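The values are calculated or read from the model by the stated rules, or taken from the named source; none is laboratory data. Worth saying up front: this structure is predicted, and the values here are computed from it rather than measured. No Cβ is skipped: glycine too gets one built from the backbone with ideal geometry, and neighbour counts run over all protein chains shown.
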Amino acid sequence: MASKKSEIDELVEQTGAMALNPNNTTSSQTADYYRNQKETDRINFARLEKGLLLFIYVYETSKSTLATEMFFWDHRICVNVITTGKCLKSSDKCRSEHQSSYRQTNLCPYWYINNRCTFGSNCQNSHRLEEVPNEHRYIRTETEVDVFKLLRFIRNFAGHYIDSIIADQQQLHKDILVVMLHLVHALSRKNARSIEHLHLFLEKTTVNQMISEENLLSELEKPFSVPEVFFDLRLNYNATWYRPTGNKRDVNFNQLSPGFVTYFNGIFLDYYQGRLKSRGAKPAWC
Ligand SMILES: [Zn+2]
Ligand SMILES: [Zn+2]
């Protein structure tokens, strides 16, 4: 009972903080990023391509290092292993991962497996993962999980995209481009008060279509409302997977830990040295 009460207190506190914290009320919508755009300035797939190639590299380079950490956040570790320390099925028969030292005896299996539980807030078990496993080196917060999921989404989008079937293509491309801007801004090396790193890693013409440099930099400091569907691991790219009016999740890209940022700084640097430098591109950080 005691733990339930403190959970409610926690929620009330969070809601209170939300109303008071101006950062949460000013999270940006995609429209804020663009000047009055002419029809001819439409963002077609080619305008995204430079960024997509970058994100294929970043995701493919980081995924083996971060995969085991993501098993935990993606709820892919066997619930029996977490709650009791053992599973009756052998690891080749069970659909979940057995390699984990993470234990949480009070974890609700319904919530963990299905993302919902009919008991709701009356459930006697816990509806959250309560600790980060000790062996996790890089992904230690929900914000870092969100950022890695977005890297994964953009990589998968690059692979699965079928040009003809999405109705709201313009809006989708804008959302993807703005997410790429935030990711490059948060994860690459850069000079203070400059957008040279955005020009280096993304399509320059497209970046230049956006609001003025000064406004863009201050916009990138705010949380961004990302379409909820971008976080979905099991996304199937049917004709209606994306809707501009769908649910959004605020991500504050400025809340990443130094270890996480340094790790990705290195990958962006390797990409620059391996792919961009030989074509005459100057580094954006010296
Ligand atoms: Zn199992
Ligand atoms: Zn439950």
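Scanning the range 170-192 for residues that are among the polar types (S, T, N, Q) and either assigned to a helix (DSSP H, G or I) or in contact with a Gly (Cβ under 6 Å, 6 or more places away or on another chain) (or both) yields a count of 2. Among all positions in the range 160-183, there is no residue which is more than 16 Å from ligand 1 (Cβ to nearest atom), farther than 24 Å from R42 by Cβ and surrounded by 13 or more Cβ atoms within 10 Å (Cβ to Cβ).
Being in the same structural domain as L181 (by TED's automatic domain parsing), without any contact (Cβ under 8 Å) to a residue 24 or more places away in the chain and hydroxyl-bearing (S, T, Y) is not true of S225.
Yes or no: the range 241-262 includes at least one residue that is in contact with a Lys or Arg (Cβ under 6 Å, 6 or more places away or on another chain), part of a helix (DSSP H, G or I) and in contact (Cβ under 8 Å) with a residue 60 or more places away in the chain. Looking for residues that are in contact with a Lys or Arg (Cβ under 6 Å, 6 or more places away or on another chain), part of a helix (DSSP H, G or I) and in contact (Cβ under 8 Å) with a residue 60 or more places away in the chain, one finds none in the range 241-262, hence no. Considering the conditions (1) more than 14 Å from ligand 2 (Cβ to nearest atom); (2) in contact (Cβ under 8 Å) with a residue 60 or more places away in the chain, S121 is excluded by exactly one of them, (1).
State yes or no: is G85 more than 16 Å from ligand 2 (Cβ to nearest atom) and under 30 Å from R275 (Cα atoms)? So G85 fails the test. Of all residues assigned to the range 193-208, at least one qualifies as being free of Cβ contacts under 8 Å to residues at least 24 places away in the same chain, β-branched (V, I, T) and part of a loop (DSSP other than H, G, I, E, B).
Anything in the range 82-117 that is of a type in the set (D, E, K, R) and surrounded by fewer than 12 Cβ atoms within 10 Å (Cβ to Cβ)? List them, or say none.
Within the range 82-117, K86, D92, K93, R95, R116 qualify.
May I ask you to verify whether F157 is surrounded by 12 or more Cβ atoms within 10 Å (Cβ to Cβ) and within 16 Å of ligand 1 (Cβ to nearest atom)? The answer is no for F157. Among the residues of the range 98-153, the ones that are among the aromatic types (F, W, Y) and part of a loop (DSSP other than H, G, I, E, B) come to 3 in all.
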